[in-house]
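All remarks here apply to the structure that follows.
All of the numbers you see were taken from the coordinates with simple rules; none came from a lab. Keep in mind that what you see is a predicted model, and the values were worked out from it rather than measured. Ideal geometry is used to build each Cβ from the backbone, glycine not excepted, and the neighbour counts take in all protein chains shown.
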Amino acid sequence: MAVFTAVSLDDLSQWIKQFPLGRALALQGISSGIDNSNFFLTTERGEFVLTIFENLGIKQLPFYVQLMRHLAERGIPVPAPVPNADGELVVTLQGKPAIIVSRLSGASQMDPQPVHCAEVGRMLARMHLAGQDFEMTQPNLRGLDWVGATAPQVLPFLSEAEAALLRTEVAFQSEFAATAGYAALARGPVHADLFRNNVMFEGERLTGCFDFYFAGVDTWLFDVAVTVNDWCIDLATGALDEARVRALLDAYHGARPFTPEERTAWQPLLRAAALRFWLSRLYDFHLPRAAELLTPHDPTHFERILRERIERTAPELPV
Ligand SMILES: Nc1ncnc2c1ncn2[C@@H]1O[C@H](COP(=O)(O)OP(=O)(O)OP(=O)(O)O)[C@@H](O)[C@H]1O
Ligand SMILES: N[C@@H](CCO)C(=O)O
């Protein structure tokens with residue numbers, strides 16, 4: 001159950017008046033999600049999602065929320081934050097930061113086919129392009145600095161084989177990040193967590209994506225790698241499914257062509273993306289937050305993906 005802060009319609013009756021949404025008519029807690037309290041909110045003006053932030057620092061929120069607004073204004077199908085009468089997007093509810101955003105239609109596609117992967121690839125490329133003139137900046141807070149700081153914290157909990165893999169991969173990624181080829185990669189705001197559960201579909205049509213709370217400025221290719229490592233794999237083994245990889249990459253390339261530097265960096269970045277989620281899952285598994293209420297994600301899933309990417313060359317980026 002992912003409603004950590006209790007809110008009733010009664011609690012909202014005064015609070016909602018600062019928004020141009022009319023009266024709140026219905027409020028329903030959303031049970032999925034592990035980081036925030038989410039509610040479907042029906043008002044006289046339509047369907048919305050109310051999010052109360054449980055863990056995110058107030059300092060980071062403006063980047064995420066303004067980025068959603070920026071992308072929504074440019075026609076990318078992401079939840080549009082609703083400003084209050086003072087133009088503020090983040091307001092306090094029950095003593096915590098909260099936002100109201102538009103509700104996307106559709107449902108997650110947890111068994112994606114090439115047609116769905118193509119939609120995701122096209123949308124991701126459009127999102128990268130639309131983010132180019134976003135003025136705020138915040139690094140990817142799960143980037144290489146975080147990897148370097150977090151790996152030593154989990155190492156004491158690992159088997160010898162796991163520890164060896166982690167050490168070797170962190171060293172490999174640090175070396176790669178110091179190359180001129182890496183420095184030449186295109187960068188901008190990236191979603192950085194575009195997994196199957198963060199995208200909505202109606203049939204074969206993508207209706208939107210959400211959960212921007214790991215967004216930051218990083219290489220566009222890292223975002224592509226994160227997305228491919230979830231959308232285009234056999235979940236049991238972590239192996240890439242060539243037809244889905246091709247569909248996603250071709251569609252992305254059609255909207256924003258890959259560069260020669262990106263073609264060179266593709267295999268290392270697939271590994272970087274696997275490492276990032278292996279490490280965050282290891283951290284959550286071995287060092288859970290005091291108030292953690294839910295079962296952490298399985299770290300071995302991303303260990304398998306990382307080993308796969310090291311052992312087998314993935315389909316190359318299209319030319
Ligand atoms: N704008 C939206 N439109 C429709 N549904 C939404 C929207 N935002 C969130 N949801 C629903 O709420 C659920 C939880 O949202 P979200 O994934 O953002 O929460 P979270 O706590 O950050 O989760 P996690 O960290 O596990 O990804 C989603 O699975 C989705 O069903
Ligand atoms: N997508 C992340 C969870 C955080 O959103 C994972 O699968 O580990």
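Looking at the range 78-97 only, could you name the residues that are of a type in the set (Asp, Glu) and under 18 Å from residue 59 (Cα atoms)? Reasoning before the result, please.
Here is the first cut: in the range 78-97, the residues of a type in the set (Asp, Glu) are 86, 88.
Within the range 78-97, just 88 meets the criteria.
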Residues located in the range 58-80, provided they are among the β-branched types (Val, Ile, Thr) and either within 10 Å of ligand 1 (Cβ to nearest atom) or surrounded by fewer than 13 Cβ atoms within 10 Å (Cβ to Cβ) (or both): 58, 78
Filtered residues of the range 62-103 (kept if among the small types (Gly, Ala, Ser) and out of contact with any helix residue (DSSP H, G or I) (no Cβ under 7 Å at 6 or more places or on another chain)): 72, 75, 87, 95, 98, 102
Scan of the range 13-46 for residues that are within 16 Å of ligand 2 (Cβ to nearest atom) and loosely packed, with under 13 Cβ neighbours inside 10 Å, ordered by number: 31, 32
Give the residue that is farthest from residue 281 (Cα to Cα), with candidates limited to residues of the range 184-229 that are away from ligand 2 (no atom under 16 Å from the Cβ) and hydrophobic (A, V, I, L, M, F, W, C). 184
State whether one or more residues within the range 48-57 are over 18 Å from residue 198 (Cα atoms), within 13 Å of ligand 1 (Cβ to nearest atom), without any contact (Cβ under 8 Å) to a residue 40 or more places away in the chain and not acidic (Asp, Glu). no
Considering each residue of the range 162-181, count those that are small (Gly, Ala, Ser) and in contact (Cβ under 8 Å) with a residue 12 or more places away in the chain, and give that number. 3
List the strands (runs of 3 or more DSSP E) inside the range 168-212, counting only whole elements, that have at least 1 residues being away from ligand 1 (no atom under 12 Å from the Cβ) and closer than 18 Å to residue 144 by Cβ. 187-190
Cross-chain or 6+ apart pairs with Cβ under 9 Å, the range 209-235 first and in contact (Cβ under 8 Å) with a residue 60 or more places away in the chain, then more than 12 Å from ligand 2 (Cβ to nearest atom) and hydroxyl-bearing (Ser, Thr, Tyr): 212/64; 213/64; 214/64; 215/64; 216/137; 217/137; 224/252; 227/252
